[in-house]
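The values are calculated or read from the model by the stated rules, or taken from the named source; none is laboratory data. Just so it is clear, the model here is predicted, and its values are computed rather than measured. Ideal geometry is used to build each Cβ from the backbone, glycine not excepted, and the neighbour counts take in all protein chains shown. To get the accessible areas, we keep the full protein, side chains included, count just its heavy atoms, and leave off ligands, DNA and RNA. Shrake-Rupley method; radii C 1.70, N 1.55, O 1.52, S 1.80 Å.
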Amino acid sequence: MTTPVTFPSPDKKYTAVLTYLGEIQSHLSYYSLALDKYPLAFADRIFGKACLWSPDSRFLSVQEWKDTDGTNSPRSYLLLIIDVLTKRECLIASVDGTKGSILPEGYIGDSLMYAVLYYGTFGTTKSFESRFQYLDGWQTIK
């Protein structure tokens with residue numbers, strides 16, 4: 001049994017917990033996500049190990065996996081941002097799982113810096129900035 005991975009917020013008021021669910025052929029582990037403030041809100045979804053809190057502990061960015069059967073790479077990787085104060089989430093970006101992966105890198109002011117790692121013979125990494133507070137598409141966490 002693998003011990004859950006905990007990510008306490010910088011102010012220690014919140015904790016994100018990733019619980020190991022399995023591994024795909026390429027030896028990537030996938031997890032369930034629980035936030036102590038909303039323990040069951042993400043119960044039916046699958047996540048990678050990428051998890052990053054904003055310095056003010058308000059926002060959590062996570063990598064979600066879509067459409068994996070436990071043996072193949074996810075069909076797509078999503079980068080989500082969760083606002084724990086307003087109980088909302090928003091999709092920042094996505095990448096086709098056969099072409100690359102996506103990871104949060106850091107917060108600067110009202111922006112999330114993230115990287116897309118493209119696979120292939122000449123694999124490349126591209127960095128992006130998203131001013132997440134001004135995004136459309138925020139949805140209430142249920």
(request) With the full set of protein chains in place, find how many percent of the accessible area of the stretch 28-137 is carbon and sulfur; take the probe as 1.4 Å. (result) 52
(request) Using a 1.4 angstrom probe, figure out how much accessible area the chain has per residue, in square angstrom, rounded to the nearest whole. (result) 55
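Residues with beta-carbon under 9 Å from that of TYR114, excluding TYR114: net charge, scoring Lys, Arg +1 and Asp, Glu -1?
Here the charged neighbours net out to -2.
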(request) Please tell me which of these pairs span more than 28 angstrom C-alpha to C-alpha: LYS13/LYS142; LYS12/LYS66; LYS12/LYS126; LYS13/LYS126; LYS66/LYS142; LYS12/LYS49? (result) LYS12/LYS66; LYS12/LYS126; LYS13/LYS126
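Quick one: dipole size for the stretch 7-142, taken about the Cα centre, charges +1 on Lys/Arg Cβ and -1 on Asp/Glu Cβ, in debye to the nearest 20. If you can, show how the numbers build up before the last one.
Working: 14 positive and 15 negative charges, 30 e Å.
Here the stretch 7-142 has a charge dipole of around 140 debye.
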(request) Could you please put ASP110, ASP11, ASP83 in sequence from largest to smallest accessible area, using a 1.4 Å probe? (result) ASP11, ASP110, ASP83
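Suppose every Lys and Arg Cβ carries +1 and every Asp and Glu Cβ carries -1, with no other charges. What dipole size does the stretch 30-86 come out with about its Cα centre, to the nearest 20 debye? If you can, show how the numbers build up before the last one.
Values: 6 positive and 7 negative charges, 14 e Å.
Approximately 60 debye in magnitude.
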(message) Considering only C-alpha atoms, what is the centroid distance from the stretch 5-63 to the stretch 87-133, in Å?
(response) 16
(message) Counting only other residues whose beta carbon sits under 15 Å from that of PHE42, what net charge do I get with K and R as +1, D and E as -1?
(response) +2
(request) State the extension gain, in nm to one decimal, for the chain segment bounded by LEU85 and ASP11, taking 0.36 nm per residue of separation less the distance between their alpha-carbons. (result) 25.3 nm
